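Structure, as structure tokens:
The values are calculated or read from the model by the stated rules, or taken from the named source; none is laboratory data. Worth saying up front: this structure is predicted, and the values here are computed from it rather than measured. When we count neighbours, we look across all protein chains shown, and the Cβ atoms used for this are built from the backbone with ideal geometry, even at glycine. In case anyone asks, the SASA skips ligands and DNA or RNA and just uses the protein heavy atoms, side chains included. Shrake-Rupley method; radii C 1.70, N 1.55, O 1.52, S 1.80 Å.
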Amino acid sequence: MRFDVFSLFPEVFSEYLNASILKRAQELKALEVHLHNIRDWAIDSHHTTDDTPYGGGGGMVMKPEPIFAALESVLGAPPSCPVILLTPQGRLLTQKIAFELAEHPHLALLCGRYESVDERICQHLATDAISIGDYVLSGGELPALVIIEAVTRLLPGVLGDPTAPQNDSHATGLLEYPHYTRPPEFRGWRIPDVLLSGNHAEIARWRRHESLRRTLQNRPDLLKNALLSQDDLAFLETLGYQPGEPITPSTQT
Ligand code: ADE
């Protein structure tokens, strides 16, 4: 899988790309990341990449010319792969979208900065727009890294345990159950006895229940699209869940 990343701050990517899973994925040749500085395509003497908005108002807007020039010179005109603009105005990234993106052999990620990018970039260059959450960052660089990481984990051979992405939080439609490792008691806090029982059916049942409990507590909105058995519903009802009631996460105490 190849990513071409277009940014005004390409230097911020290197450290993260050269550690852990992403480093390993590149060593395995499952992942290739090409970083491009948009400023290299700004042709005026000041290498200007932004300007004031037409119609007034505060903030700066990224100019179209350097961005079109950068993408078209690297990827052709029109670009030979999907171009994803990272913006808080995009569709919200989910695990399902990560699976979709992992099907492509090549993606371009365009990182906005300042207030926004000229709308002609959204209309005539980007083929998709993605947000990583309902909050505003100063630029699309962290969101681009989030996409690279979420997608790379799904590529064949990248994770040691090939079944891991299927069990992750969100992949199943529920949040994951709690995990414990040795020691069995730490500062007086014991792990649940069932995990030491050796009874795999009981452990699976406990994990399912904890997954449901955690989802109800933190992300009850997920329950309406999750595949729930009669046993799941019966358990959720013991926790006070009523299908169809308004969804508000409870505050953890
Ligand atoms: N750029 C600024 N904020 C963003 C967000 N939440 N998601 C994607 N790109 C962004």
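Using 1/(1 + (r/R0)^6) with R0 = 35 angstrom and r between the beta carbons of Ala201 and His106, what's the FRET efficiency to the nearest 0.05? Don't jump to the answer; show the numbers that get you there.
Numbers: r = 45 Å, r/R0 = 1.28.
The value I calculate is 0.20.
Of all trypsin sites (Lys or Arg not before Pro) in segment 1-56, which ones are in loop regions per DSSP and have a Cβ with at most 14 other Cβ atoms within 10 Å? Don't skip to the end; give the middle numbers.
Values: sites: Arg2, Lys23, Arg24, Lys29, Arg39; in loops: Lys29.
In loop regions of segment 1-56 (DSSP not H, G, I, E or B), the sparsely surrounded trypsin sites (Lys or Arg not before Pro) are Lys29.
In segment 132-196, which trypsin sites (Lys or Arg not before Pro) fall in coil by DSSP and have 11 or fewer other Cβ atoms within 10 Å?
Details: sites: Arg153, Arg187, Arg190; in loops: Arg153, Arg187.
Here the trypsin sites (Lys or Arg not before Pro) that fit, given the DSSP loop and packing criteria, are Arg187.
Would you please classify the overall shape of the chain from the alpha carbon gyration tensor, given that a ≥ b ≥ c denote the square roots of the eigenvalues, rounded means a/c under 1.5, and beyond that prolate means a/b larger than b/c while oblate covers the rest?
Values: a/c = 2.62, a/b = 1.91, b/c = 1.37.
Since a/c reaches 1.5 and a/b is larger than b/c, the shape of the chain is classed as prolate.
Counting helices only, and only those DSSP H runs with n ≥ 4, report the 222 nm mean residue ellipticity of the chain as the sum of -39,500 (n - 2.57) divided by its residues, in deg cm²/dmol to the nearest 500.
Taking each H run of at least 4 residues, the total per residue is -9000 deg cm²/dmol.
Find which of Trp206, Leu107, Ala42 sits farthest along the positive direction of the dipole of the chain, computed with +1 on the beta-carbon of Lys and Arg, -1 on that of Asp and Glu, about the Cα centre.
Comparing the listed Cα positions along the dipole, Trp206 ranks first.
Positive end of the charge dipole of segment 1-159 (Lys, Arg +1 and Asp, Glu -1 on Cβ, about the Cα centre): tell me which of Gly140, Val83, Leu154 has its Cα farthest that way.
Projecting each Cα onto the dipole axis, the largest value belongs to Leu154.
Once the Cα atoms of segment 49-167 are picked out, what are the Rg and Dmax in Å?
15.7, 54
Quick one: order Met62, Met1 from most to least accessible surface, probe 1.4 Å.
On the way: Met62 0, Met1 35 Å².
Largest accessible area first, the residues go Met1, Met62.
Among the listed pairs Lys23/Lys63; Lys96/Lys224; Lys23/Lys224, which are separated by more than 27 Å between their Cα atoms? Numbers along the way, then the final one.
Values: Lys23/Lys63 33 Å; Lys96/Lys224 16 Å; Lys23/Lys224 37 Å.
Checking Cα-Cα distances, Lys23/Lys63; Lys23/Lys224 exceed 27 Å.
Calculate one ³J(HN,Hα) per residue across segment 96-112 by plugging θ = phi - 60° into the Karplus curve 6.51 cos²θ - 1.76 cosθ + 1.60, and present them in order as whole Hz with x for glycine and proline.
4, 5, 4, 4, 4, 5, 5, 6, 8, x, 8, 9, 10, 10, 10, 9, x
Go ahead and run the numbers for FRET between Gln89 and Leu227, Cβ-Cβ distance against an R0 of 30 Å, rounding to 0.05. Walk me through the intermediate numbers first.
Values: r = 32 Å, r/R0 = 1.05.
Efficiency computed from Cβ-Cβ geometry: 0.45.
So, R0 is 30 Å and r is the distance between the beta-carbons of Asp40 and Leu137; what FRET efficiency does that work out to, to 0.05?
Values: r = 23 Å, r/R0 = 0.78.
That pair, Asp40 with Leu137, gives E of 0.80.
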